[in-house]
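The values are calculated or read from the model by the stated rules, or taken from the named source; none is laboratory data. Since this is a predicted model, take the numbers as computed values, not measurements. All Cβ positions, even for glycine, are placed from backbone atoms using ideal geometry, and neighbour counts span all protein chains on display. Areas reflect the complete protein model, heavy atoms only, side chains present, ligands, DNA and RNA absent. Shrake-Rupley method; radii C 1.70, N 1.55, O 1.52, S 1.80 Å.
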Amino acid sequence: IHVLATMRVDSTNAASGLKVVRGKDWELGDQDGGAGTVGTLVKQSDSKGWAIVRWPGGSEHSYRIGNGGNYDLIIAESSSDTATVTEGSGNQSVAVVGSMGTGQRVDSSNATAGLMVVRGKDWKWHDQDGGAGNIGTIIEGLDSDNWVLVKWPSGSQSKYRAGAEGKYDLEIGYQWVNRENAKIGLKVKRGKDWEWQDQDGGAGTVGTVISVVDTNGCVRVLWPTGLSNSYRVGGDDKFDLEIVDSSSSGERPLRKGDFVQLAPDYAAHGDAAKGPLSVGDVGQIISVCFPRELSRILQLSAFL
């Protein structure tokens, strides 16, 4: 366990992505998930002296970073698998802060390609992952001996136990959208490298991936407002998005009001191919009047 000297979060240092824990003026119970839980600062609020923080459970709330002379947060850095806080006096505090894991072990029930992971309770591989807190991605699911192959940010790849020898080297990490797990229909929200203000409609808004990963390491996301934009899922080594529901496949019978995207298959239908639209164009269904089997022409992209 590594003890870090930390300082209060205020308007001068409250940058997007900053890791924080509750501070000296905290009076909000366990809204953060419990003492020592590490959250991520999303942005400074439009209200002066406030900032929005996202906690591991997915909730987001506003906290004082100077409003009324109060400071609810202190700066933290991921450095261990345990999180506790001992508050000091004045602006300084001492913190022992947590990893990027969710606490759920990787085993035969969830060890699939694309899952993002961090070192777990039985880890014995020193800094093979690049150091505590680094998030890797499973690139080959469970083999017959209960091992999985993981790729780390450095590019290195190694196998780890997901039940082999009765050991579990990994736990599930925060699920950033990446090249391996991005798919059309995936539910997402802003992630750790988000820098696009309220382009998504505001912190916590859930959008839907409507394209495959392009050559720049980006995918297109449609937001409930009807607007869509491209976001990084590994491009420039940045991850703008976090998975909300990885089980969503984006497939069901189409309904009025659904947002849809023209898929490559549409070009095979003469009447459609003569129109002014192109593959990838997004629209909204105003009436469903075609045979059920033709719904495969359209890829459902939002409002599942």
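Here are the numbers for this structure:
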{"item": "Residue order for W223, W50 - accessible surface, 1.4 angstrom probe, largest first", "result": "W50, W223"}
{"item": "Pairs beyond 18 Å (Cα-Cα), from K121/K159; K43/K183; K124/K238; K43/K189", "result": "K43/K183; K124/K238"}
{"item": "Local electrostatic count at A111 - Lys and Arg +1, Asp and Glu -1, tallied over other residues with Cβ under 10 Å", "result": "-2"}
{"item": "Sequence of I52, I138 when ordered by accessible area, the most exposed leading, probe 1.4 angstrom", "result": "I52, I138"}
{"item": "Order of exposure, largest accessible area first, which applies to D30, D143 with probe 1.4 Å", "result": "D30, D143"}
